[in-house]
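Here the structure comes first, spelled out in structure tokens, and everything after it is commentary.
The values are calculated or read from the model by the stated rules, or taken from the named source; none is laboratory data. Since the structure is predicted, the reported quantities are computational estimates derived from the model, not experimental observations. Glycine also receives a Cβ, built like all others from the backbone with ideal geometry; neighbour counts cover every protein chain displayed. Ligands, DNA and RNA are excluded from the accessible area calculation, which covers all protein heavy atoms including side chains. Shrake-Rupley method; radii C 1.70, N 1.55, O 1.52, S 1.80 Å.
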Amino acid sequence: MDAPQKYQQLYSRYQILHYLCQRLAKTNTSSDFNTLLSSILLAATSTWENHQHEIIHILSHIPRFDISTKEVLISLLSKLGRYVPASIRLLDLAHRFPDLFQAIEVRSVSISPRSQPHKLHIHNLDPSISNPGPRQARYKVHAEIQLLFDYEMRRQEASPGPRVIVSSKSACFLCDRFIKLHGQFFMPGTHGRVYDSWSLPDVDRLGIPGSRKKMIKGVVGRLDGEVEGLVRKWRKREKKRRCVVEPRESDVFALAEISRYCD
């Protein structure tokens, strides 16, 4: 297939993906959502496997894209294109090593944020920082914090329970600090970024036993103290601010991406 045909085929695949994404945004049923999402992942896999070089070539010739934006976009596209092969690989491993996979439990976890966001009580500090007021983005309980509180709700004294919390992304700064202060779970690392939409769930509504609830509220208090100290330190250094490149958040396929960029 010559170059013009490849680019025409890439454009056709883009139109298919665009159509599927539009339908996904409008769907209201879980069955339709799952079907459309599967179709998007299959289309993205085929697009990346067959047109990786064309995509990179097109992005390299867009003048208004800075290098970091191009690299992030390529990273996102390559990750999206690997979900289906990774799933097939897991199925193959499960078939080859059934004893290793038979004890795995897949369970959905969904814990909502507090109805009123947690406010920092930092003395002698601009109120716009400690209590910024209304905002556009919704508050969210990050995946790592949801897992921690789910484990707390299911905690049994006779069982040691899980010891590791990890997701497809490195933990943000606040998740990392909260889990380290909690002290009962290992987490591989953090990308260090702070999100103003970060929130905790309402501990009083989760059915956590009294002694554990008291311990968790103590963790919240210690986190407040750490954040207060850091905010004061950053305010003192305000005049020395410098531009910082946004960190890579995802840990999925990181080695594959590193090897590709080092070729």
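What the table shows:
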quantity: Qualifying trypsin sites (Lys or Arg not before Pro) in segment 22-100, DSSP loop, other Cβ atoms within 10 Å at most 12; calculated: 64
quantity: Low-density loop positions, trypsin sites (Lys or Arg not before Pro), segment 150-190 - DSSP coil, at most 10 other Cβ in 10 Å; calculated: 163
quantity: Most positive-pole-ward Cα, 27, 43, 57, against dipole of segment 1-60 from beta carbon charges; calculated: 27
quantity: Computed label-point distance, nm, for sites residue 30 and residue 104 using a 7 Å Cα→Cβ extension; calculated: 2.1 nm
quantity: Surface share of carbon and sulfur [accessible, 1.4 angstrom probe, percent] for segment 38-82; calculated: 64 percent
quantity: For segment 52-122, alpha-carbon Rg relative to the globular expectation (2.2 N^0.38 Å, N residues); calculated: 1.89
quantity: 15 Å beta-carbon shell around residue 21, net charge (K/R +1, D/E -1); calculated: +2
quantity: Environment charge at residue 112 (Cβ cut-off 12 Å; Lys +1, Arg +1, Asp -1, Glu -1); calculated: +3
